[in-house]
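Undergrad: Have a look at this one before I ask anything.
The values are calculated or read from the model by the stated rules, or taken from the named source; none is laboratory data. Keep in mind that this is a model prediction, so the values were computed, not measured. All Cβ positions, glycine included, derive from the backbone under ideal geometry; neighbour counts span all protein chains shown. Ligands, DNA and RNA are stripped out before the accessible areas are found, and what is left, the full protein with its side chains, is counted by its heavy atoms. Shrake-Rupley method; radii C 1.70, N 1.55, O 1.52, S 1.80 Å.
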Amino acid sequence: MSRHRLAIATAALALAMAAAAQASTVYRWTDAQGRVHYADRVDGTPRAGAVERLALPAEAAAVARLRVEPDADGALAWIDNLLAGPIEVMLHAEGEAAVASDPPLPARGTVQPRSATLLARIARGNPRLRVVAVPGSPNARPRDVEYAWPLASAPLRIQQAWGGGYSHHDAENRHAVDFAAPVGTPVVAARDGVVMQAEARFDEAGADEDEAALLARANFIRVLHDDGTMALYAHLQTGGVLVRTGQHVRRGQTIGRSGNTGLSTAPHLHFVVHANRGMRLESVPFRMFGPQGILRFEATPGG
């Protein structure tokens, strides 16, 4: 089973005004005044022997990138959407400090697939900015659609259904289903759509010993549907993504291989249909036709 406030659902980046991109290495050093700094490069004059190189752990691919460009009157805050589907974003000043901007912060907007949007004009100064990005358009309107069985060859065995007490009790996962399946079982698209986001690099699995790290390390595919909803196929095996982002997939098409990655205690496929309800993902009920006919999901308190 698994717990599923998946870090892949949202991304938060805290960046200084001059920052242009995320770094793979961070340096920690102490300056001559005894102050500790963290950055992607060493500025100023550190104390002798006071520089330490910190390798960043691998995390799921970013959803969005904040770009801050100088302007005659201050700076322009651009948001790059890195996904093959729309995202909703909100730009904050770190600590919600007063920052003169147009529009006022926090500023909110929708960014179309693989494009950029100017979210705010920042007055002179050097505030720290933070952007939160959520996959999907807040204008999603779920339709009543019958989904296909998402596993090509596994018998029907549900580890946890709707409302499961182990991890399907919050809004993001209340209507999720965990289908038990051996590692390597073909995963097929349950509905036509576009591959919006995918991750296949990770090879770790576990329970609660290192929950924060494991949350971000589940391999997955997110497919965008024509009504704005998104199906998430999670805990795929390492290298278990067989499609590319931006690719159109058809119902029944093989898209991946099931696995046991991320915050998970046994091999399974976590399947859920999400809608962006305004800077938050919520699971939505769905109908599905299984190996023996229509599936009727019921809450399973306790997992």
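Undergrad: Applying the selection to the stretch 68-96, what residues are part of a strand (DSSP E or B) and among the hydrophobic types (A, V, I, L, M, F, W, C)?
TA: Listed by number, the residues that qualify are V68, A75, L76, A77, W78, I79, I87, V89, M90, L91, A93.
Undergrad: Same structure again: For the stretch 145-155, name all the residues that are within 25 Å of the chain's Cα centre (by Cα) and assigned to a loop (DSSP other than H, G, I, E, B).
TA: V145, W149, P150
Undergrad: Another one. Are there any pairs, at least 6 apart or on different chains, whose C-beta atoms fall under 9 Å, with the first in the stretch 126-154 and without any contact (Cβ under 8 Å) to a residue 40 or more places away in the chain and the second crowded, with 17+ Cβ neighbours inside 10 Å, and if so, which?
TA: S153/A181; S153/T185; S153/P186
Undergrad: M196 versus (1) at pLDDT 90 or above; (2) not in a strand (DSSP E or B): which is the lone unmet condition?
TA: Every listed condition holds for M196 apart from (2).
Undergrad: Just checking, how many residues over the stretch 284-297 are over 21 Å from the mean Cα position of the chain (by Cα) and open to solvent by 20 Å² or more (accessible area, probe 1.4 Å)?
TA: Residues flagged as over 21 Å from the mean Cα position of the chain (by Cα) and open to solvent by 20 Å² or more (accessible area, probe 1.4 Å) within the stretch 284-297 amount to 8.
Undergrad: For the stretch 128-172, what are the residues that are at pLDDT 90 or above, surrounded by fewer than 19 Cβ atoms within 10 Å (Cβ to Cβ) and under 30 Å from E69 (Cα atoms)?
TA: V132, P138, N139
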